[in-house]
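Participant: Shown below is the structure under consideration.
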Amino acid sequence: MNETLVTLVGNAATPVDFREAGTGSTARFRLAVTPRRWDREQQIWADGRTSFYTVWARRTLAGNLSGSVSVGEPLVVHGRLKVREEERDGVWKTSVDVEALAVGHDLTRGTAAFRRVVRGDPALTAPTRRQKPATETVSMS
């Protein structure tokens, strides 16, 4: 099976949308990735064009994301790249998703305190006040 695995470094652009369904929990959020380059002429760092990716997670990772990630936080996301094209109102749109295998805070830009999740302890993976769980199902296509 050929898959395209990617590792992205960026910032959480939206809150984590955590949903519990009969098939298991899912979470999604948007990740903003902005390249920085050294401009030799002006002797400054310049930002490139920002790309946005929808990051999807399932099961335990979904629950842990909902209690750990806030908008603006620097993240490293590793997962399977999925590119979709669809027509909406006569216009073709391209969406780029990442099915996350691992997500963590970018420790080059700050510190984090890791807490191991004890299976069966719902308090450790319950959504915080920052996120409000939804009850409808989400498709991971």
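The numbers here are math on the coordinates, done by the rules we state, and not lab data. Remember, it's a predicted structure, so these values are computed and weren't measured experimentally. Cβ placement follows ideal geometry from the backbone for every residue including glycine, while neighbour counts extend to all protein chains displayed.
Participant: Using amide H atoms built in the peptide plane, which far-off residues or other-chain residues are under 5 Å from Ala13 H to H?
Facilitator: Answer set, sorted by chain and number: Arg30, Leu31, Ala32, Gly72.
Participant: Could you give the semi-axes, largest first, of the ellipsoid that matches the stretch 1-73, computed as the square roots of 5 times the alpha carbon gyration tensor eigenvalues and rounded to whole Å?
Facilitator: 32, 15, 8
Participant: Calculate the FRET efficiency for Asn2 and Ala102 from the Cβ-Cβ distance with a Förster distance of 25 Å, rounded to the nearest 0.05.
Facilitator: 0.80
Participant: Output the peptides 102-114, 73-85, 18-30 sorted from most to least packed, where packing is the average of other Cβ atoms within 10 Å over each peptide's residues.
Facilitator: 18-30, 73-85, 102-114
Participant: While we're on this one: Looking only at the stretch 42-107, where both bridge partners belong to it, what percent of the DSSP beta bridges are antiparallel (to the nearest 5)?
Facilitator: If I count the DSSP bridges inside the stretch 42-107, around 80 percent turn out antiparallel.
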